1. Could you calculate, for the chain, the ratio of the Cα radius of gyration to the Kirkwood radius, expressed as Rg to Rh?
2. From the mean inverse distance of alpha carbon pairs (Kirkwood) and the Cα radius of gyration, derive Rg over Rh for the range 4-90.
3. Give me the three principal axis extents of the range 93-156 from the C-alpha atoms, as integers in angstrom, largest value leading.
4. List the trypsin sites (Lys or Arg not before Pro) in the range 38-70 that DSSP assigns to loop (not H, G, I, E or B) and whose Cβ has at most 10 other Cβ atoms within 10 Å. Which are they?
5. Compute the helix-to-body angle for 56-65: its Cα long axis versus the longest principal axis of the chain, expressed 0 to 90° and rounded to tens.
6. Would you calculate a helix-derived [θ] at 222 nm for the chain, using -39,500 (n - 2.57) for each DSSP H run of n ≥ 4 and dividing by the full residue count, to the nearest 500?
Amino acid sequence: MITQERLKELLNYNPDTGEFHWKIATSNAVKVGQIAGSLRTDGYLSIRADHKPELSHRLAFVYMTGSCPKLVDHIDGNIANNTWSNLREATFVTNQYNSKIRKDNKTGVKGVYNHGSKFAARIRHNGKVIFVGSYGTVAEAEFNLKRVREQLHKEFTNHG
């Protein structure tokens with residue numbers, strides 16, 4: 001990973017917008033002041049600094065702190081939002097707590113699934129699946145699941 005010193009020679013980072021701007025022209029395609037980076041097919045922004053592609057949310061950590069944790073979590077779940085207030089250090093487990101609803105979810109509520117004529121709620125915590133309960137409606141399952149999620153996942157809670 002690039003050093004903070006070298007990164008600050010090449011780029012300016014605006015923590016309020018999450019944007020990086022080039023300070024120097026590193027090639028014919030780069031203009032001073034131009035927004036740095038390109039969007040990858042997975043939705044992450046990548047910046048080629050010293051001929052090596054780096055994810056911009058990781059570069060933001062290096063720019064602001066001088067180092068980068070193994071995992072950086074986007075608090076609001078929007079991987080294009082690289083404002084400093086939206087980034088935090090995470091573990092694999094806490095990053096999973098903040099995941100979005102699965103695309104194959106049929107109830108529209110993260111952690112709630114059809115179970116016969118009822119709606120079951122479950123949650124993952126510390127690598128284990130915890131069954132919250134079975135309910136007559138999606139709304140009941142969602143209400144109870146949210147309460148448990150907030151107790152267990154705390155600041156990493158993402159309801160979907």
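Nothing in this text is a laboratory measurement; each read-out follows from the coordinates by a stated rule. These numbers come from a predicted model, not from an experiment. All Cβ positions, even for glycine, are placed from backbone atoms using ideal geometry, and neighbour counts span all protein chains on display.
1. On the way: Rg = 19.9 Å, Rh = 17.8 Å.
Taking Rh as the inverse mean 1/r over Cα pairs, Rg/Rh reads 1.12.
2. We get a ratio of 0.94 for the range 4-90.
3. 32, 23, 18
4. Working: sites: R40, R48, R58, K70; in loops: R40, K70.
Answer in residue order: K70.
5. The two axes meet at around 70 degrees.
6. Values: 4 runs with 39 residues, N = 160.
-7000 deg cm²/dmol, from helical runs alone.
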